[in-house]
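These notes concern the structure reproduced below.
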Amino acid sequence: MASPRWRLILNGKSAGDEPLRAAVAAMREQGIALSVRVTWEEGDAERYVAEAIADGVDTVVAAGGDGTLSEVATTLAHRDKDADALPSLALVPMGTANDFASAAEIPLEPEAALELVRSTTAQPIDLLRIDSNDRVHWCANLASGGFGTQVTVETDEGLKKMLGGLAYMITGIAKLGRIDPVQARISATTTAGEAFEWQGGFIALGIGNGRQAGGGQALCPDAVIDDDLLDLTIVPELEGEVAATLGALMAEGKDAALERLAVRRQLPWVEIEADAPLTLNLDGEPVESTRFHVDCVARRVRMHLPPGCPLLRPPGNPLPATDESPDSPPGLVMA
């Protein structure tokens with residue numbers, strides 16, 4: 001029987017990581033034909049995935065953060081092949097926040113993450129497809145806008161290296177006194193064919209395949225990645241002083257103040273329009289436009305995930321009901 005063939009695509013920032021080198025060596029000792037490619041500039045991941053497909057590789061392993069995962073998933077997703085005809089996808093978390101890995105409970109240690117690939121069968125997962133300005137983007141984890149997006153975009157790279165996810169919180173605290181709501185119109189159609197429309201100013205927006213972004217902001221806390229639906233969360237602009245809301249967060253816990261404000265839906269697609277350009281952060285890639293059309297593309301790639309992964313529906317569970325809107329939506333968790 002031929003040895004499994006893997007291609008590890010490594011973010012260049014982590015090229016000297018010794019635990020990863022040891023993990024690669026350990027997999028090779030177990031008979032895995034594991035080759036490594038290091039990304040250095042734009043387009044490298046696209047080229048390396050194309051090479052992997054041409055070489056008949058079984059699994060492409062993204063070694064990096066959410067951006068690296070999304071980049072590798074994108075290069076698989078836009079090809080004119082079914083998921084079963086493409087290499088499976090895996091992740092070794094090497095980023096600052098590792099939001100997707102944290103929510104999916106993928107081990108953060110390189111050898112444990114690679115052992116997970118060796119010991120599991122890849123599961124079909126959904127991806128988000130975003131059309132904007134005649135360009136197509138793909139998103140494996142979460143598209144976000146508003147306050148959290150600005151925090152992610154403005155957080156200093158040096159601060160992230162020193163403090164990890166804590167850097168996002170520090171940047172967020174610095175911005176608390178100057179939150180400007182983003183004005184937008186949001187529309188969709190439910191799976192039952194009913195129209196959904198929302199218009200106004202929001203301070204946070206999440207469109208989830210996954211659950212969290214920006215170093216732990218769980219904008220879509222109930223999202224799963226195999227339900228054929230995206231999870232939409234809108235946090236409308238706050239009434240009154242920001243300090244009063246912050247006081248509520250301190251007094252009642254971080255879930256309590258925002259859970260009363262959040263608007264949530266599960267939808268097959270959503271469209272966002274604005275009079276002025278707004279920014280969506282697509283797994284770390286900021287994209288600016290006045291219009292975004294976001295679709296959930298069902299089962300677009302196959303991914304290695306841990307048994308009992310919280311981002312997958314439990315075996316035998318039907319797709320969740322999506323057309324009823326509870327009076328009190330679940331709480332929004334902000335780190």
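The values are calculated or read from the model by the stated rules, or taken from the named source; none is laboratory data. Remember, it's a predicted structure, so these values are computed and weren't measured experimentally. Neighbour counts are summed over all protein chains in view; Cβ atoms, including those assigned to glycine, are modelled from backbone coordinates with ideal geometry.
Please identify the pairs in which a residue from region 22-43 that is on the phi < 0 side of the Ramachandran plot has its Cβ atom under 8 Å from the Cβ atom of a residue that is surrounded by 12 or more Cβ atoms within 10 Å (Cβ to Cβ) and aromatic (Phe, Trp, Tyr), counting only partners at least 6 apart or on another chain.
From residues that are on the phi < 0 side of the Ramachandran plot, the pairs are Met27/Trp6; Ile32/Trp6; Ala33/Trp6; Leu34/Trp6; Ser35/Trp6; Arg37/Tyr48; Thr39/Tyr48.
So which pairs qualify, if the first residue must be in region 106-124 and assigned by TED's automatic domain parsing to the domain that holds Val60 and within 23 Å of Asp17 (Cα to Cα), the second must be acidic (Asp, Glu) and at pLDDT below 95, the Cβ gap must be under 9 Å, and the two must be at least 6 apart or on different chains?
Listed by first residue and then by second, the contacts come to Pro110/Asp17.
Of these, Ala218, Ala204, Ala223, Ala262, which one is over 26 Å from Asp80 (Cβ atoms), in contact with a Gly (Cβ under 9 Å, 6 or more places away or on another chain), modelled with pLDDT of 95 or more and surrounded by 15 or more Cβ atoms within 10 Å (Cβ to Cβ)?
On the way: Ala218 fails: modelled with pLDDT of 95 or more; Ala204 fails: modelled with pLDDT of 95 or more; Ala262 fails: modelled with pLDDT of 95 or more.
Residue meeting the stated conditions: Ala223.
Those residues that are at negative phi, assigned to a loop (DSSP other than H, G, I, E, B) and among the acidic types (Asp, Glu), I need them from region 124-147; list them, please.
Of everything in region 124-147, nothing turns out to be at negative phi, assigned to a loop (DSSP other than H, G, I, E, B) and among the acidic types (Asp, Glu).
Filtering region 36-54 down to residues that are crowded, with 16+ Cβ neighbours inside 10 Å and among the small types (Gly, Ala, Ser), which residue is nearest to the chain's Cα centre (by Cα)? Reasoning before the result, please.
Kept after step one, since they are crowded, with 16+ Cβ neighbours inside 10 Å, are these residues of region 36-54: 36-37, 39, 44-45, 48-49, 52-53.
Filter again for among the small types (Gly, Ala, Ser), leaving 45, 52.
Numbers: Ala45: 18, Ala52: 23 Å.
The residue in question is Ala45.
Evaluate the following for Ala90: is it of a type in the set (Gly, Ala, Ser), out of contact with any helix residue (DSSP H, G or I) (no Cβ under 8 Å at 6 or more places or on another chain) and either touching a residue at least 40 places away in the same chain (Cβ under 8 Å) or closer than 30 Å to Arg291 by Cβ (or both)?
Against the criterion (of a type in the set (Gly, Ala, Ser), out of contact with any helix residue (DSSP H, G or I) (no Cβ under 8 Å at 6 or more places or on another chain) and either touching a residue at least 40 places away in the same chain (Cβ under 8 Å) or closer than 30 Å to Arg291 by Cβ (or both)), Ala90 does not qualify.
Which is assigned to a loop (DSSP other than H, G, I, E, B) and modelled with pLDDT of 95 or more, of Thr96, Thr121? Full working, then the answer.
Details: Thr96 fails: modelled with pLDDT of 95 or more.
The unique qualifying residue is Thr121.
Quick one: in region 283-296, which of the residues that are in contact with a Phe, Trp or Tyr (Cβ under 8 Å, 6 or more places away or on another chain) and not charged (D, E, K, R) is nearest to Ser102 (Cα to Cα)?
Cys296
In this structure, does Ala26 turn out to be modelled with pLDDT of 95 or more, of a type outside the set (Ser, Thr, Tyr) and over 22 Å from Ala101 (Cβ atoms)?
Working: modelled with pLDDT of 95 or more: yes; of a type outside the set (Ser, Thr, Tyr): yes; over 22 Å from Ala101 (Cβ atoms): no.
Considered against the rule, which asks whether it is modelled with pLDDT of 95 or more, of a type outside the set (Ser, Thr, Tyr) and over 22 Å from Ala101 (Cβ atoms), Ala26 comes out as no.
In this structure, does Asp131 turn out to be surrounded by fewer than 24 Cβ atoms within 10 Å (Cβ to Cβ) and acidic (Asp, Glu)?
yes
So Thr74 passes all but one of these: (1) over 17 Å from Arg299 (Cβ atoms); (2) in a helix (DSSP H, G or I). Which condition number does it fail?
Thr74 satisfies every listed condition except (1).
Which residues, counting only those in region 5-23, are at pLDDT 95 or above and touching a Phe, Trp or Tyr at 6+ places or on another chain (Cβ under 9 Å)?
Hits for region 5-23 are Arg7, Ile9.
So, in region 77-91, of the ones that are of a type outside the set (S, T, N, Q) and in contact with a Ser or Thr (Cβ under 9 Å, 6 or more places away or on another chain), which residue ends up farthest from Ala113 (Cα to Cα)?
Here is the first cut: in region 77-91, the residues of a type outside the set (S, T, N, Q) are 77-87, 89-91.
Narrowing the set further to residues that are in contact with a Ser or Thr (Cβ under 9 Å, 6 or more places away or on another chain) leaves 87, 89-91.
Numbers: Pro87: 17, Leu89: 12, Ala90: 9, Leu91: 7 Å.
So the residue we want is Pro87.
Could you give me the residue pairs with C-beta distances under 9 Å whose first residue belongs to region 217-230 and is farther than 22 Å from Ala192 by Cβ, whose second residue is assigned to a loop (DSSP other than H, G, I, E, B) and among the acidic types (Asp, Glu) wherever it lies, and which are 6+ apart or on separate chains?
Pairs that qualify, where the first residue is farther than 22 Å from Ala192 by Cβ and the partner is assigned to a loop (DSSP other than H, G, I, E, B) and among the acidic types (Asp, Glu): there are none.
Restrict the check to region 267-279 and report whether at least one residue is modelled with pLDDT under 95 and not in a strand (DSSP E or B).
So far as region 267-279 goes, no, none of its residues is modelled with pLDDT under 95 and not in a strand (DSSP E or B).
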